[in-house]
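Okay, structure first, notes after.
Computed from the coordinates by the stated procedures, all read-outs in this text should not be read as laboratory data. The shown structure was predicted, so the numbers you read here are calculated from the model rather than taken from an experiment. Here the Cβ positions follow ideal geometry from the backbone for every residue, glycine too, while neighbour counts run over all protein chains shown.
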Ligand SMILES: [Zn+2]
């Protein structure tokens, strides 16, 4: 197989990928002062030795959680493969835009190829591209499916995310370990009963089967 084209997702200016991801400028110093103010507002003694480095660490942590790593989304010409391609249980973590708390879980991604294939290892990077953002799970699911649609123009795409939201499980809204499941099915993965069943059978097994 030879690469038919290379694309640096998240780097190349003017690509569709760039327009769809929030490439924010993070003002590290401002995040540090805001974190210090937050600690103060929470009643913490900001002069406490144990908190001396906390604002910097908070700024580092948020910067990392909100900055996707650029990657080459290499696609290949497909010479006749016409079955579903599924990558199961890709781990991911993201940041809930409502509480600034993490949600984490696994992504199952499938597509029915047409003219293009993508390296399986790249699917995890596509998830990360959109997960390192202030997110809600539904939008993350849709963004991954839309990206695959636009970059690969496949006959169908399916994305299922299962995640635990700390904003829910830590606050007792939801039992610890309970999963929120979201899905986006496009093209034949949505419209063709056999393909849809195959995709859902591959992606909705219980975690015991993984
Ligand atoms: Zn939340």
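Okay, helix-only estimate at 222 nm for the chain: each DSSP H run of n ≥ 4 adds -39500 (n - 2.57), divide by all residues, round to 500 deg cm²/dmol; what do you get?
-11000 deg cm²/dmol
Tilt of helix 193-203 relative to the longest C-alpha principal axis of the chain, in degrees (0 to 90, nearest 10)?
Result, in degrees: 40.
Using 0.36 nm per residue, how much length does the chain from residue 42 to residue 28 gain when fully extended, once their Cα-Cα distance is taken away?
Residue separation times 0.36 nm, minus the Cα-Cα distance, leaves 3.0 nm.
Determine the shape class of the chain: with a ≥ b ≥ c the square roots of the Cα gyration tensor eigenvalues, call it rounded for a/c under 1.5, and otherwise prolate if a/b is greater than b/c, oblate otherwise.
Oblate shape, in that a/c is at least 1.5 and b/c is the bigger or equal ratio.
Can you give the angle from 0 to 90° between the axis of helix 54-65 and the longest principal axis of the chain, with both taken from C-alpha atoms, to the nearest 10?
Approximately 10 degrees, to the nearest ten.
In degrees, nearest 10, range 0 to 90: what is the angle between the Cα axis of helix 137-152 and the longest Cα principal axis of the chain?
Roughly 40 degrees between the two axes.
For the stretch 101-210, what is the largest minus smallest coordinate of the Cα atoms on each principal axis, given in angstrom and ordered from greatest to least?
Projected onto the principal axes, the Cα atoms of the stretch 101-210 cover 46, 28, 22 Å.
Just to be sure I understand the model, the point goes 7 Å from the Cα along the line to the Cβ. What's the resulting residue 182 to residue 153 distance in nm?
The modelled label-to-label distance comes out at 2.8 nm.
Quick check on the exposure proxy: order 199, 130, 71 from fewest to most C-beta atoms within 10 angstrom.
71, 130, 199
Work out the FRET efficiency for residue 67 and residue 139 from their Cβ-Cβ distance, taking R0 = 22 Å, and round it to the nearest 0.05.
Computed FRET efficiency for residue 67 and residue 139: 0.75.
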